Every structure is written in structure tokens, then in C-alpha cells.
Number of protein chains: 2
Amino acid sequence: MSKHHVKQRASKAANPGQPTQGPLTHEELQLSGRNHSMPLEALHDDITPAGLHYLLIHFDIPHVSAETWRLRLSGAVNRSLELSLEDIKARPAVTMPVTLECAGNGRSLLQPRPVSQPWVLGAVGTAEWTGTPLAPLLEEAGLASDAVELVFTGADNGIQGGVEEPYARSLSVAEAMHPEVMLVYAMNGNPLPKQHGFPLRLLVPGWYGMASVKWLTSIEAVTSRFMGFQQAVAYHYLQGPDGPGIPVSHIRVRSLMIPPGIPDFYTRRRVVDAGPVMLHGRAWSGHGDVERVEVGIDGEWMPAHVDPPLGDFAWRRWSMVWVASPGEHVLRCRAMDTSGALQPTEQVWNYQGIGNNMAQVVEVTVR
Amino acid sequence: MSKHHVKQRASKAANPGQPTQGPLTHEELQLSGRNHSMPLEALHDDITPAGLHYLLIHFDIPHVSAETWRLRLSGAVNRSLELSLEDIKARPAVTMPVTLECAGNGRSLLQPRPVSQPWVLGAVGTAEWTGTPLAPLLEEAGLASDAVELVFTGADNGIQGGVEEPYARSLSVAEAMHPEVMLVYAMNGNPLPKQHGFPLRLLVPGWYGMASVKWLTSIEAVTSRFMGFQQAVAYHYLQGPDGPGIPVSHIRVRSLMIPPGIPDFYTRRRVVDAGPVMLHGRAWSGHGDVERVEVGIDGEWMPAHVDPPLGDFAWRRWSMVWVASPGEHVLRCRAMDTSGALQPTEQVWNYQGIGNNMAQVVEVTVR
């Protein structure tokens, strides 16, 4: 893969990747307007409509022609494969609800604030994805005995950290062979929208979204660890600028609440009428099943009712009736998964602003 | 309509509606993450996919059941009507490509910056809308001779400027009777997505998006001017906090360019390879047809080729080949419409940050 080092203008304000106490930058605003979150009221739906599902697009959305597009599977394999979209659709199909979340969800709430895509809380969504499992395809190609990773490369290209590269991520052979890892071509029963990777994307259920490479054009079996920017530099848990840190993989347990009542346009602060109020939302984890959800009312935690999961890799609905009394109240929610992980109530900071699953805070005025 | 005046917390930073030289606020970031723009590379498509079309949702997206939903047409009419979605779909149907743009598009580029939804440039989109013309329905109901306006009210409710109101806007009888004004229930051949107003929205082609009321529940003929917040306070061209100002209506002429080459992730700055580069984009106006598009290369303006319009109220594609030479360049584009209006190259400031159609600036590094 050729890498061109590109001169970049110095940003007038904060530098990308470097945490700051400073104000939000114009660059962060631009990213926020392009890469949209899921409005929290969309937690109402089991399956998120495509236009409300969160989107993170590192570079530009490429315009790919389904007719000329091919997926190439090559590298350390016994025989390379080149597949058309029809070839892939002719293979056994699986449809599965999967919750995807951006690893940077919650980043803008950290202090100091890592400067990158400035998510608040809505970088999540659950879709019904249709595709074909990856493992049988790898078995057809026949991985060489010294293959250690699969590198997944998209059609999107750009510059990050001064390096020009198409977007690419890798999985170990063992990770790629998991039965739930799929090549998907449909979302909620329709062809993949172009912003979600048309014609084909990888789907790695349970992992943060960066693993599910969009606009997939090649899968390459490699005999040494892939060191591309998105794999070796971005997406690490770090305490400072120096690595190596811990690579980001599975989604940390999180719950979110639909803010009750009505909003103020500008502040999004809530006003609720006194009396019984149904609080509800969703909870999910990539480290096991969600075992418990608790709602905090002014600091007192109470268990919520949790519905059955939609699927092995999809969120669970939770609900609780709160009898709201007039005045100012602070609502929170937190989930625990079967690995024993519980959402923290204070920030657990890291340098890239990854995996901030601190319990949501919803301030309400009851009248 | 009952109005509750609601106590609001003082924002720590800038106040909504008041221009500032200060930093972007957390509240602006929240709005930007909810209300997404169209990524500029989507100017590639004649018709914007629903998930890429810009969205401005003042309050929360309401969850409306199509079964129980009814549209009530009442007030100063000879006979009130109550219509189901099936009743409306049984009426004569029209499908039309219409470009919608938010009146606040470009707001965040103004100095000082009016504090509200902080659009950069992508608050636009063109969809194929299907619905039934409004005028025959008004004729069936029979407007009273003293009716002066129609008030269109949505199912979405919240607080803005300290006032609690459902979202509502009015049109004069003459404006509402225009043949292109429609009640629409489909977008790009599918039922209206919930974020675009399911099950029914008003569509006022040629006007900024605030007129096309979503989640429409009632149309009321009134005998005096409607003074709701969204009509009488918001959406005015003003030079300071004191009114009355000029009500906002039709879309000002604008052109936008797909930024060429590849982006840097954080700055979105472009890198282009030297040689011939196809520059292209779209241009539109609510004040007449687009007559001319010019591209500025380092301050020198040249005419672009302009394709035929998609429809009377939809954008036109434009294109120009630029022979890019190595170095730093500033690209701009500007359109002129048949009313003689030309996009300005410097900001024309107003207090609410409305209709900022200043010519786009795209900085590129050619290598």
C-alpha cells in the first residue's frame, strides 16, 4: 500500500488527536454536521431506520457502481477469488439484528476533550443486516498456514495523521472465522445505502463500528500484523501520546434513556409534567449479555425492567415507571453485562476519547 | 393554542439567538449532531437518498401511528374535513423533484455568529416528493371570505424562546393556493421516513424548509395573521434584536461544489492531483430559474456548463474542467437566477443568521 506523506496546514486551534480544555473548533463542527448521531428518541424503535442510524465516514462517501465492483480475496491463500455482488448474493444468506456503536461515542463529554469526531451520546443504532458469513469464503480460498490476519480495505481514501491511505482494518484469523462475522449487502431489507457502504461492507458483531469496514473492495490474508493507520495508530486505549496502548475491539456495556417530556430547542433540556412517567431506553454490550439496568433518580439507583434481547448482538429494551414530583431532578441509567462490567458514573478518561461509557445524565424540570 | 412560559436555565456561554464572537457551545454541538447536513459529495446525485438529505428537527421526532392519525381542516371554512391517510392517498397524486434548504444554511460561517443550529453549508437536499395538491382540498372545504391565512400545525411540541408551542407556520391564502403546494406522504418512492414527517407533511416548493411543516395534524383557516413563535419571532431578516424585520420565505440563489480530490479526516481540507479535474455541483433558487453558474479559480471567475433543471423547483447540475497546477488554490462558485440575484462573495450579515448564500470557498492543495 503506497503512503504519501502530505503537508497539512497547522490548525489554528486544537490539534487533532490532542486533548484540550479549549473551545470546540470549526473542524469539529464540520465533522459533527457530516457524521450524524441517532437522535435519542429513536431508542423508541427496535430497529433503527437507515436515515437515523449513526454514521461515521472518515473520508468521502465513494460512488461505487455495483456492475463493475468486485471483491478480491487474495494474499496468503491457496487460490484467490474475485466475486461480483451477484456471486455474493447467491451464497447462503443470514439476516441478523446487530447494534453498532462508534468507539468514540461520548468523546465530547470527556475533560480534557480529545479532538476528533465530537460525539455526544447518540453514535449508535441497530439494523437488520443481511449478508453471507465470511468463514466459508475464507475456507474456499484456503488460508495459508502462515496467514495471521485478514486485511479489509474499503474504496474510501483520504489523509489522516499525515498519512494517505484507503480505510483499512484487520482481524486475526481466529476473529475473522467467528460465525457471526459477515459480508453484508442489505440493511433493514433494502440494498445497503451508499452511506453505509454500498454495495458491500464487513460486519463484525459485538465490535465497535471501526471494524465493520464499508465499501469493501479487498480482503487480503497477510503473514505479519497489519500496521495501517486505522489499525496501528487510531483506535487504541492510551493514557498519553505514546503507545502502544491497547487495541480497541469490543463494545463496552452501555445503556441510554430516551429523554422524557419535551425539549427546549436550544439547550435540549427537558420539561416533564408531574405524575407517572415511563422512562425507557436500550442497553447493549459486546462483552456478553446485558444482565441488569438501573435507573438513578437524584442519585438513588433502582432496577429497571429489561425485555428479552432482539438477538445475540443487539440491544435490549429497558423501562421503569417514575413518579415525577415537581422540581429539578437528575436522571441517569447504567447497565451491567454478564462479564461483570458496570458502566461508571464518573469519566474514565483516555487519550483518544474511546469507549466513554459513563452513565448518561438527563436533567429534567418537573412542573 | 395554550402557551406555557417556561423557566429556563441560563446558558453558561452564548445565548440562543444572540450573535457572538465567542466559541462554539456544547448546545450548538448537540444540535449539530442531531440535525445533520448533506455531505457535499452527495451533490453527485440528482436525487438525494433519504438518509443523506438534510434534517432540521426543532423538538423531538414524534412517533405517529398512521392508523389513528387524522388531518383536520377547520376554522374559517364552510365545512370542516377530517381525513385519514388513506383518504389523502386516494386523491390525485403528483410526484415532483423539489430542492429543500434550511433557512439557516451557512449560519456558522457568519461573524459574529448567531447562536442557533450551527449549519456549515450542507443543509440542503433534493427528493422526489409524492402527494396531493393542497388547493383542491381547500376548495372542497370552502374558505370563508374573511379567511386570510392557513395555519399548519405539526405533532411535534417543545419550548423555544421560552414559549411552549407545537411547531406551526402559516401561509397566506394566496400562497397556500399555489398549485405546487402539496401534502406529501412519500419521499423517493417510499413512505415518508419518520424523521421527514411521517405520515404527512406540507411541501412548499421554492420556500426555505421551515414552511414545509412536518408531522402535519391540522390546517386551520384564520381571519387574522398567525402570531406563533415560528411565524412571528423566528425566521425573520433582522439587523438587531428588535423587529419587526422581514419574514423569511423563498430560497435565495445558491450553488455548491463537490470538494474535489481527497480530504484530510480532521480539517476536511482537500488534496488534488495536478491535471484536468472535473469540478461539479448543483445550483438552485426559489426566486426563479438558475441562469448562470460561475467558478472562481484564485479570484478569476469563469462560466460553468449548466445542465437542464430536474424540475421547476429542483437544482441544476453544473460542471467545469479545471486544469490544476501544483500549489495552493482557492476555488469558489456562485450562481445568478432569473430575478437577477447573484450570490455575494462577502457575507451579508443578519441577526438570526438566515439566508447566508455567500459563495462557497474550497481550499485545495494540488500536488
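Taken together, the values in this text are just the output of simple stated rules run on the coordinates, not laboratory data. The structure presented is a predicted model; accordingly, all values stated were derived computationally and were not measured. We place every Cβ from the backbone using ideal geometry, glycine too, and count neighbours over all the protein chains shown.
Output the peptides B:298-311, A:314-327 sorted from most to least packed, where packing is the average of other Cβ atoms within 10 Å over each peptide's residues. Please list the in-between numbers first.
On the way: B:298-311: 13.6, A:314-327: 17.5.
Top to bottom by mean Cβ count within 10 Å: A:314-327, B:298-311.
Need one value for A:264-276: mean number of C-beta atoms belonging to other chains within 10 Å of its residues' C-beta atoms. Provide the component values of the computation, followed by the final result.
On the way: counts 12, 15, 17, 11, 8, 6, 3, 7, 0, 0, 0, 0, 0.
Mean shielding count: 6.
Okay, helix-only estimate at 222 nm for the protein assembly as shown: each DSSP H run of n ≥ 4 adds -39500 (n - 2.57), divide by all residues, round to 500 deg cm²/dmol; what do you get? Please report the intermediate quantities before stating the final value.
On the way: 8 runs with 50 residues, N = 734.
Calculated at 222 nm, the ellipticity per residue is -1500 deg cm²/dmol.
Could you go through region B:78-88 in sequence order and give the Karplus-derived ³J(HN,Hα) for each residue, using 6.51 cos²θ - 1.76 cosθ + 1.60 with θ = phi - 60°, rounded to whole Hz, and x for Gly and Pro?
Karplus-based 3J(HN,Hα) across region B:78-88 equals 5, 9, 6, 10, 10, 10, 7, 4, 5, 4, 6 Hz.
Can you tally the net charge around A:Gly122? Count Lys and Arg as +1, Asp and Glu as -1, for every other residue whose Cβ sits under 13 Å from the Cβ of A:Gly122.
That works out to +2.
How much net charge surrounds A:Arg270 when only other residues with a Cβ under 9 Å from its Cβ are counted (Lys, Arg +1; Asp, Glu -1)?
Details: positive: A:Arg268, A:Arg269; negative: A:Asp264, A:Glu363.
Summing Lys/Arg as +1 and Asp/Glu as -1 gives 0.
Restricting to Cα pairs below 8 Å that are 6+ residues apart, what does the relative contact order work out to for region A:254-366? Please round to a whole percent. Intermediate results must be reported in sequence, preceding the final value.
On the way: 257 pairs, mean separation 35.8, N = 113.
32 percent.
Find every distance from the label point of B:Ile47 to the corresponding label point in the other copies (7 Å from Cα along Cα→Cβ) and write them in nm, one decimal, shortest first.
So the label point of B:Ile47 gives 2.2 nm to the other copies.
How well do other chains shield peptide A:190-198, expressed as the mean number of their Cβ atoms within 10 Å of each residue Cβ? Don't skip to the answer; put the middle values down first.
Working: counts 1, 0, 0, 4, 7, 6, 1, 0, 1.
Average neighbour count from other chains, rounded to a whole number: 2.
Looking only at A:His53, A:His178, A:His250, which one moves most when chain A is put into a Gaussian network model with springs between Cα atoms under 10 Å?
A:His178
Based on Cα coordinates alone, diagonalise the gyration tensor for region A:137-215, multiply each eigenvalue by 5, take square roots, and list the semi-axes in whole Å, largest first. Show your work: numbers first, answer last.
Details: eigenvalues 90, 71, 24 Å².
The answer is 21, 19, 11 Å, longest axis first.
Over all alpha-carbon pairs of the protein assembly as shown, lay out the pair-distance distribution in 10 Å bins, whole %, shortest bin first.
Computed distribution, short to long bins: 3, 14, 24, 27, 20, 10, 2, 0, 0.
Please give the FRET efficiency for A:Thr223 paired with B:His305, using the beta carbon to beta carbon distance and R0 = 60 Å, rounded to the nearest 0.05. Please report the intermediate quantities before stating the final value.
Values: r = 51 Å, r/R0 = 0.85.
Using R0 = 60 Å, I get an efficiency of 0.75.
So what are the ³J(HN,Hα) numbers for region A:185-202, from phi and the Karplus equation (6.51, -1.76, 1.60; θ = phi - 60°), rounded to whole Hz, Gly and Pro as x?
10, 9, 9, 6, x, 10, x, 3, x, 4, 6, 9, x, 3, x, 8, 10, 7
Ordered shortest first, which distances in nm separate the 7 Å Cα→C-beta label point of B:Leu81 from those of the other copies?
Relative to the other copies, B:Leu81 has label-point distances of 5.7 nm.
Enter the Cα centre distance for the pair region A:247-268 and region A:56-119, rounded to the nearest angstrom.
What the calculation gives is 24 Å, centre to centre.
Give the shape of region A:26-247 as rounded, prolate or oblate, defined through the alpha-carbon gyration tensor: a ≥ b ≥ c are the square roots of its eigenvalues, a/c under 1.5 means rounded, and otherwise the shape is prolate if a/b is larger than b/c and oblate if not.
Numbers: a/c = 1.78, a/b = 1.25, b/c = 1.43.
Here region A:26-247 falls in the oblate category.
Looking at the protein assembly as shown only, what percent of DSSP beta bridges run antiparallel? Nearest 5 please.
On the way: 157 of 175 bridges.
Close to 90 percent.
For region B:218-228, in order, what is each residue's ³J(HN,Hα) by Karplus, 6.51 cos²θ - 1.76 cosθ + 1.60 with θ = phi - 60°, in whole Hz (x at glycine and Pro)?
8, 10, 10, 7, 10, 9, 9, 5, 6, 10, x
Filter the cross-link list A:Lys194/B:Lys194; A:Lys194/B:Lys89; B:Lys89/B:Lys194; A:Lys89/A:Lys214; A:Lys89/B:Lys89; B:Lys89/B:Lys214 down to pairs whose alpha-carbon distance in this structure exceeds 27 Å. Show your work: numbers first, answer last.
Details: A:Lys194/B:Lys194 20 Å; A:Lys194/B:Lys89 30 Å; B:Lys89/B:Lys194 17 Å; A:Lys89/A:Lys214 17 Å; A:Lys89/B:Lys89 35 Å; B:Lys89/B:Lys214 17 Å.
Exceeds cut-off: A:Lys194/B:Lys89; A:Lys89/B:Lys89.
Distances from B:Pro23 to the same residue in each other copy, label points 7 Å out along Cα→Cβ, in nm, shortest first?
From this label point to the equivalent ones elsewhere in the assembly: 0.8 nm.
Sort A:186-194, B:192-200, B:83-91 by the packing proxy (mean of other Cβ within 10 Å over each peptide's residues), most packed first. If you can, show how the numbers build up before the last one.
Values: A:186-194: 17.9, B:192-200: 23.0, B:83-91: 14.9.
Peptide ranking by packing, descending: B:192-200, A:186-194, B:83-91.
Give me the inter-chain shielding for A:20-30: mean count of other chain Cβ atoms within 10 Å, whole number please.
Working: counts 0, 0, 1, 5, 8, 4, 7, 6, 4, 8, 9.
Neighbouring Cβ atoms belonging to other protein chains average 5 per residue here.
When a/c reaches 1.5 or more, the comparison of a/b and b/c decides; with that in mind, is region A:6-108 rounded, prolate or oblate per its Cα gyration tensor? Could you put the intermediate results ahead of the total?
Numbers: a/c = 2.64, a/b = 1.49, b/c = 1.77.
The shape class here is oblate.
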